[in-house]
Amino acid sequence: MSALDPATTHPGCCLCALHSRRLFTGLLATGGAAALTAPAWAQQGLQAEVGKTSSFTRLVSAEQIEAAAAQQYRQMLREAAAQRALAPKDHPQVVRLHAIAKRIIPHAPPWNGRAKQWQWEVNLIGSPQVNAFCMPGGKVAFYWGILHQLQLNDDEVATIMGHEAAHALREHARERMGKTAATRIGAGLVSSLLGLGGLGDAALGAGAQLLTLQFSRSDETEADLVGMELAARAGYDPAAGITLWQKMMAASQGAPPQFLSTHPAGDTRIKDIQAKLPKVQPLYAQAARPPRRFAPPPTTQARK
């Protein structure tokens, strides 16, 4: 697995297809030192708006969940590569995703200390699905459809990436699996298995669930808040959440895209984002701006 290095990535013309058998994983530096020396303004934001991590996360080992996620992620990449649908690392949209991720990731550790040790990865899958996700341990995937169909600008991409990373940082998947474990096993038996044992095995066996896991309304609201802050600190306009969800709602006319099946959207959600903007706009105002802006895929380009 090679580190993402601006010197080894380069801009280029958008390709007509995402044809490649090459697997890229791109380890992203977490920039922990910068996070530890954050200026005074960085103490502001939305942390007071977000509650403590659910106690249900204690019922499943973080290491086990992250291992299961990594295993499932590897399988997904192998399947994409076999179908010639895994974008190469020098594809313009992959370069774009990596550049945005490298700005967001240094701001992750304050939300979850484990993020400093995660082997972050960002991949682009050549599928028309309007979808994206971040699995536990920082395993991120964007689908071609969400970039191409919605014509996302960088601020909107950062909003999605921040939102999805927030699910991993707030350990929403671990929480839901903990609830499932508590229900199936019962409180008494859970107490006797808290170290590893059966719960650890259950976590590893649940890896396939991580790609289809649906989060609660409260999880989604929390991810919106944390995602807005991550994007703002990275120098991307948090107000892009408004235009993003407007595009999502427009795309949902007829058959809703996959993204909306797990990420409910609507006027209420946009109003919630608008209400929180005053808390994160100061972070955006103080943040360094990205040195480069990227364009979305050409509208005439279709995945072959």
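With the structure loaded, tell me whether E66 is among the acidic types (D, E), surrounded by 23 or more Cβ atoms within 10 Å (Cβ to Cβ) and modelled with pLDDT under 95 or whether it fails that test.
On the way: among the acidic types (D, E): yes; surrounded by 23 or more Cβ atoms within 10 Å (Cβ to Cβ): yes; modelled with pLDDT under 95: yes.
Answer is yes for this residue.
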Using the structure shown, decide if L28 is over 28 Å from L225 (Cα atoms) and either crowded, with 16+ Cβ neighbours inside 10 Å or modelled with pLDDT of 95 or more (or both). no
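Quick one: is I100 buried (at least 21 other Cβ atoms within 10 Å of the Cβ), in contact with an Asp or Glu (Cβ under 7 Å, 6 or more places away or on another chain) and closer than 22 Å to P290 by Cα?
On the way: buried (at least 21 other Cβ atoms within 10 Å of the Cβ): yes; in contact with an Asp or Glu (Cβ under 7 Å, 6 or more places away or on another chain): yes; closer than 22 Å to P290 by Cα: yes.
So I100 fits the description; yes.
If you scan the range 126-168, which residues turn out to be of a type in the set (A, V, I, L, M), over 14 Å from L244 (Cα atoms) and buried (at least 24 other Cβ atoms within 10 Å of the Cβ)? First the steps, then the outcome.
The first filter runs over the range 126-168 and keeps only residues of a type in the set (A, V, I, L, M), leaving 130, 132, 135, 140-141, 146-147, 150, 152, 157-158, 160-161, 165-166, 168.
Now restrict to residues that are over 14 Å from L244 (Cα atoms): 135, 140-141, 165-166, 168.
Listed by number, the residues that qualify are M135, V140, A165, A166, A168.
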Residues that are modelled with pLDDT of 85 or more: list the helices (runs of 4 or more DSSP H) wholly contained in the range 216-272 that include at least 3 such residues. 217-233, 240-251
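The values are calculated or read from the model by the stated rules, or taken from the named source; none is laboratory data. Being a predicted model, the structure only gives us computed values, none of them experimental. Reconstructed Cβ throughout: ideal geometry from the backbone, glycine too, with neighbour counts over all protein chains shown.
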